[in-house]
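Have a look at the structure below before the remarks.
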Amino acid sequence: MSEKKRATRSAKLLIVGGGPGGRVSYIMARRFGVEPAVMVLNEEPTVICSLPYGVGRRLIPDGPGATVVDLSKEKRLPPDMAKDVVFGTVTAINSASKSAIVEGTNGETEIVYENLILAPGAVPWLPPADGILKDKGAETGLVVAVSDQLVNRSRLAEGVYVLRGAEDARALDELAACAKKVAVVGTGAVGLEIVEALSDRGAAVVAIEALKHAVSALDADMAAAVERRMHERGVELRLADAVKSWAPGKLTLQSGALAVDAVVFASGVRPRLDLARAMGLKIERGLVVDAAQKTSLPSVWAVGDAVQIADAASGRPVLPLIGTLAMRQAMTAVMDIAGLPAQLPPATLWGVSEIFGLHWGSVGWGEEAARRAGFRVTSLSLPVRSRDPFMPSGKDALWKVVLSTGEDEGFKSGQILGFQLVSDGDNPAHLAERFVDMIARRETVQELFGHYFIHSPAHNSVDDPFLALIALAMGKRPR
Ligand SMILES: Cc1cc2nc3c(=O)[nH]c(=O)nc-3n(C[C@H](O)[C@H](O)[C@H](O)COP(=O)(O)OP(=O)(O)OC[C@H]3O[C@@H](n4cnc5c(N)ncnc54)[C@H](O)[C@@H]3O)c2cc1C
């Protein structure tokens, strides 16, 4: 019987996971002198948010391979980083002895640490449906969640795709090169980005959504513009539908069968919590952390998609699943470990994307989601033109603001709970950022007076949309 090789090393900081949360933790550890820092990676690091654009080729003509982060050359990473990277999967952590076991291709490594950052991220989630899994697969490697079970990705049946890493994007890229018709399940940002990518590559696409309208982050009135754009571009949209079963070439939905070459599940993700659970960490919707990203155990911090936060507007626990937040959390955790003051304030969720030239964004609570949560809300809808009427290059947009009526405890009357936008025009990211701040600071619509509006004819129309929103809100008040 051959003995398994086991190497040992020690670290001031051990980081589990090499996604945005793990990588930024590593960069910050080097910057703040928390060394040696060791990062365990179990897959190729990528600029994950760009993966659909690698498949679509419009923004990344070289394909998904271009999004892979080369640890030895990437300018944002220290050039000698490779010495601190262990390739493999952390399979066990003993928080009492402060040691972790990494199963790598060349054997096991035991890492003894002083401080631990967990950044295991999230995995694609697929609804249970007949035929999407093979009976057998590999024992180790990346996983997906099917219903509430983690299963090895190698068990995904032929023709079943997900999108989380470089390997997935390469597989989709190959599919895009030859597929005639593909079904995409889920119409969130990732689903729509992959719909656009496959469509740009010449495939006919059917988008399947369980809800009554596309894009759960938008309300039906706002999502209608996205649906129209999909329709105009030849994407078939099946709403209020669900996958019953898959057999190569045939997808059976509740509404009937479809002949497609493949099915791509963009049906959401679930936080990866198995290690945290085995360590006995406090978990609710995700890992519970304080404002410095400390978990319920000493010397253990957690960042990224596995972590829940307090929603700034309501205080309720939410899973943000946002890369930019993962990076802030990473900086906060490392500063705390380094003994520097760092507290991350509560945040609000957002989703901003674009499909076939139509930009959409959602910040905070949608009206439908707020009502489902039991909040009493009202909303304001404002058509906004991006240029003055005498400028033919102007584009139309629609804004929607969701306000508390002030009848719920903890909310002020007119408190801005959500902002949505669909726009044919310019990049909405800066606008969405302003509303992220307003919502996180629990501002009211009247406080829009304090948000100065800049007009420059080359960039926008002379009408101040913030004043228009205040006027709309005043018009709703009982006199
Ligand atoms: C297609 C797509 C587009 C997106 N677009 C945007 C966007 O535009 N803007 C934005 O802000 N966010 C976006 N996101 C969300 C963003 O990518 C995530 O919020 C972010 O990746 C979270 O980072 P993370 O480090 O927590 O987790 P992940 O990126 O999931 O990384 C975690 C890593 O840890 C590994 N791991 C898990 N367990 C172990 C273990 N035991 N041992 C070793 N390694 C382990 C995982 O395999 C994975 O590689 C997008 C996500 C996707 C999938």
Residue selected from segment 153-173 under the condition within 22 Å of Val69 (Cα to Cα) and hydrophobic (A, V, I, L, M, F, W, C), by the criterion surrounded by the fewest Cβ atoms within 10 Å (Cβ to Cβ): Ala171
Only listed residue being part of a strand (DSSP E or B) and surrounded by fewer than 23 Cβ atoms within 10 Å (Cβ to Cβ), chosen from Val144, Val206, Val182: Val206
Number of the exception - Ala240 against (1) among the aliphatic types (A, V, I, L, M); (2) away from the ligand (no atom under 16 Å from the Cβ); (3) surrounded by 14 or more Cβ atoms within 10 Å (Cβ to Cβ): (3)
Pair list, Cβ under 9 Å, 6 or more apart: segment 156-168 residue in the same structural domain as Asp130 (by TED's automatic domain parsing) and away from the ligand (no atom under 12 Å from the Cβ), other residue at pLDDT below 95 and assigned to a loop (DSSP other than H, G, I, E, B): Leu156/Gly137
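Output the residues belonging to segment 103-140 that are among the small types (Gly, Ala, Ser), closer than 27 Å to Val16 by Cα and away from the ligand (no atom under 12 Å from the Cβ).
Answer for segment 103-140, where residues must be among the small types (Gly, Ala, Ser), closer than 27 Å to Val16 by Cα and away from the ligand (no atom under 12 Å from the Cβ): Gly107, Gly137, Ala138.
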Residue match in segment 90-104 (condition: crowded, with 16+ Cβ neighbours inside 10 Å, part of a loop (DSSP other than H, G, I, E, B) and not assigned by TED's automatic domain parsing to the domain that holds Val16): no
In segment 296-341, residue modelled with the lowest pLDDT [restricted to those that are buried (at least 24 other Cβ atoms within 10 Å of the Cβ) and assigned to a loop (DSSP other than H, G, I, E, B)]: Ala313
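Residue-wise test of (1) more than 11 Å from the ligand (Cβ to nearest atom); (2) among the acidic types (Asp, Glu).
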| site | (1), (2) |
| --- | --- |
| Glu232 | yes, yes |
| Ser245 | yes, no |
| Ala257 | yes, no |
| Leu275 | no, no |
| Asp290 | yes, yes |
| Ala313 | yes, no |
| Ile322 | no, no |
Of all residues making up segment 249-268, the number that are surrounded by 14 or more Cβ atoms within 10 Å (Cβ to Cβ) and not in a strand (DSSP E or B): 5
Check on Arg376, of a type in the set (Lys, Arg) and loosely packed, with under 14 Cβ neighbours inside 10 Å: yes
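The values are calculated or read from the model by the stated rules, or taken from the named source; none is laboratory data. Just so it is clear, the structure is predicted and the values come from calculations on it, not from any experiment. Glycine also receives a Cβ, built like all others from the backbone with ideal geometry; neighbour counts cover every protein chain displayed.
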